[in-house]
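Read through the structure below, which is laid out as structure tokens, and then see the notes.
The values are calculated or read from the model by the stated rules, or taken from the named source; none is laboratory data. Note that the structure is predicted; figures quoted are calculated from it, not measured. All Cβ positions, glycine included, derive from the backbone under ideal geometry; neighbour counts span all protein chains shown. For accessibility, only protein heavy atoms count, side chains too; no ligands or nucleic acids. Shrake-Rupley method; radii C 1.70, N 1.55, O 1.52, S 1.80 Å.
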Amino acid sequence: MASAPASAAFNAARRRLFDAVFAAVAPPTDPLLSRRRPGRDGLLDDLPASPESLTSPPPAVRWLVRATCGYSTLDLIAFDALGSTDDARWQAWVARQLAPATIDDSACSSRLASAGFTTLDKTPEQLWAAREAIGNSNYYQRMLPIAETECATLIRQLHSQRQLFEVMASFWHDHFSVFGWDYDGGPLFPPFDRDAIRPNVFGNFRTMLQATCESAAMMYMLDLYTSYSGHPNENYARELMELHTLGAENYAGIVDDPDDDPSLPTYIDWQGKIQRLQYVDDDVYEAARVLTGWTISHSTYETRNDPNPGAFEYVQALHDAGVKRVLHRNFSAGGGQNDGTLLFDMLAQHPGTAHFIAGKLCRRFIGDVVPDSLVQAAADLFHQQWQAPDQIAQVVAFILHSNEFKTGWGTKMKSPARSVVSALRATLANFTPVPDNSSTYTPTEELIGRLQAAGQRLFYWPAPNGYPDTITAWSSTGALGLTLKLLPRLLEMHQTESYNNAYPFIVDVQGQTLGAFPNAADRTASNVIGYWCDRLLGYRPQPTFGVALDFFRQEAAASDPLDLVTDSTDNGQPQHVGVWHLNPPNTLSKHYTIARLRVAIGLLLCSPEFLRR
């Protein structure tokens, strides 16, 4: 693959990023402690020169980085066992991942079981009853269903072998975005994830479209439960067209008589009927009328005595029974609930929907700018297979086998949440996030709080358009700066109580390094940094490798072994830092080597190469 040229702008951005990296790990103010060579002023010196071109990891690493929640060497080992060439292995890997039920995921299931979640398997009726019983008396218990969904999702992203499934589950949650911490909808969130999104991740879009609509979490998010004859609520209808199906790219605005406007093209749909290719505001208003009567049992005064509280129901008495017209198609009077199912059919098979969703999928897997020829080819497949039970799987496979996916690299960057999950996967973190309401500051509490500060806590985006998926959205000083603070911090978090040194780290950097180099003579700076570059990045790019190597070795030679065993203690408790060693001068290589190892790995996690995808 050809290397991308390093532009002056990129070099400048890279230099600013290295500045932020060193700031994130809080370098000491003493110049002697900040760099390895005597007489240097550390951060006041020029940073390493940026290369003239950007190197890339091997193909398998590139593909796994973008098709999983985070590359790990275990993924690469499993990948290499799938065939004799990278292309053959990729074919086998994609086919296997698109059949998630065939993948043994018992280890992840055991971890989920060990978390002790209590709300995730409850029916809508059970969740409704629990919400009503709790009322306003206990916010933690009221919102426990969304908190447990959040933690279970993190567990699956971190530990599941069904990685492509988790990537696509995240994609669809952003596409059908629901703010999970809505006071009314949050207690009812698990069925939205469990019954609407996950069963349809690789399935049929039309099926998922209606399933998300009927979920109580979506009903509360977009107010559909309050829409009834004479008082249609257009919130859901507008987002159904703008965000879930046709997209703003197919919005023609306000048009007085759209069906007689020659500037609005039409096509013949699957039933031989004429439909418009673009929607206008009148279509939104009419779609809102179509969906009147779709509600949640017990959610309104009119439904307070209906059966199955909390579950979806269609109430004929609340439906607008009149004639309607959407996208040039008539809906006859008295259509009832079939009005809604016809509307979902029309939108799911619409070529505009196919192009909009194909574009989002290409952007997620390939880059912010994708040739329209690829988007259109994926859209054509999506449109042709709109009734197929594996429609989505077919389109995902098409994109993942495209030349644009297989040869592309580095045109996107990881978002805060993806950066964190990929870091924890690459470092083989032993971490099972669970909600907690105690006074103990747990690693779950710290991680979720820091993700929220960085702008990407799961299910926490308040708008219905989902978290952004462009490089500009996550490269701001706020989001990137807080991500750079969080990534090295992952290596310092402890099990049970995040800042309590008596508990093991969630990432055992020292233990993994000693395991990789059981012979003390092999624990050289070059070997150790090379090992962690391979673990985190899949290769050893410059100047990142050299920066981390120089920091870790200080004044020692790259081939000198470093002591990663001798440790300080406090009342007999190991401190996991190494030993203090500033005398005689110029012996910083012996100073707090265990802690310095974690900081060096933190530098790699903050590197441009780790953040690229």
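Descriptive notes on the structure:
- Taking strands (runs of 3 or more DSSP E) as the structural unit, those lying wholly within the stretch 264-316 and holding at least 3 residues that are out of contact with any Ser or Thr (no Cβ under 8 Å at 6 or more places or on another chain) correspond to 266-268.
- For the stretch 244-254, the tally of residues that are among the aliphatic types (A, V, I, L, M), closer than 18 Å to residue 355 by Cβ and either without any contact (Cβ under 8 Å) to a residue 60 or more places away in the chain or open to solvent by 30 Å² or more (accessible area, probe 1.4 Å) (or both) stands at 2.
- Yes/no for residue 411 being over 18 Å from the mean Cα position of the chain (by Cα) and surrounded by fewer than 17 Cβ atoms within 10 Å (Cβ to Cβ): no
- Residue ID - surrounded by the fewest Cβ atoms within 10 Å (Cβ to Cβ), chosen from residues in the stretch 70-99 that are within 24 Å of residue 530 (Cβ to Cβ) and of a type in the set (Phe, Trp, Tyr): 79
- Candidates 150, 166: the one that is touching a Phe, Trp or Tyr at 6+ places or on another chain (Cβ under 9 Å) and within 18 Å of residue 466 (Cα to Cα) is 150.
- Residues that are of a type in the set (Asp, Glu) and assigned to a helix (DSSP H, G or I), drawn from the stretch 241-263: 242, 249, 259, 260
- Looking across the stretch 187-219 at every residue that is crowded, with 23+ Cβ neighbours inside 10 Å and among the small types (Gly, Ala, Ser), the one that is nearest to residue 108 (Cα to Cα) is identified as 196.
- Selection status of residue 227, of a type in the set (Gly, Ala, Ser), surrounded by 19 or more Cβ atoms within 10 Å (Cβ to Cβ) and in the same structural domain as residue 292 (by TED's automatic domain parsing): yes
- Taken over the stretch 259-280, the residue count meeting the criterion of being closer than 18 Å to residue 331 by Cβ, open to solvent by less than 60 Å² (accessible area, probe 1.4 Å) and either outside the structural domain of residue 343 (by TED's automatic domain parsing) or modelled with pLDDT of 95 or more (or both) is 6.
- Matching entry among 159, 175 (being touching a His at 6+ places or on another chain (Cβ under 8 Å) and either under 25 Å from residue 72 (Cβ atoms) or open to solvent by less than 40 Å² (accessible area, probe 1.4 Å) (or both)): 175
- Criterion applied to 431, 405, 382, 365 was being in contact (Cβ under 8 Å) with a residue 60 or more places away in the chain, over 25 Å from residue 353 (Cα atoms) and open to solvent by less than 40 Å² (accessible area, probe 1.4 Å), and the one residue passing it is 431.
- Condition met for residue 357 (open to solvent by less than 30 Å² (accessible area, probe 1.4 Å) and within 27 Å of residue 158 (Cβ to Cβ)): no
- Each residue in the stretch 466-482 was checked for being open to solvent by less than 50 Å² (accessible area, probe 1.4 Å) and closer than 13 Å to residue 420 by Cα, and 2 pass.
- Restricting attention to the stretch 78-132, the residues that are closer than 29 Å to residue 186 by Cα and in contact with a Gly (Cβ under 7 Å, 6 or more places away or on another chain) total 4.
- Selected residue (only one of 603, 597, 582 is under 30 Å from the mean Cα position of the chain (by Cα) and more than 21 Å from residue 480 (Cβ to Cβ)): 597
- Qualifying residues in the stretch 317-343 (those that are in a helix (DSSP H, G or I) and over 21 Å from residue 258 (Cβ atoms)) - the one least open to solvent (accessible area, probe 1.4 Å): 340
- Meets criteria (over 30 Å from residue 169 (Cα atoms) and not polar (S, T, N, Q)) for residue 505: no
- Count of residues meeting criterion [more than 20 Å from residue 511 (Cα to Cα) and either among the aromatic types (Phe, Trp, Tyr) or surrounded by 15 or more Cβ atoms within 10 Å (Cβ to Cβ) (or both)] in the stretch 538-559: 14
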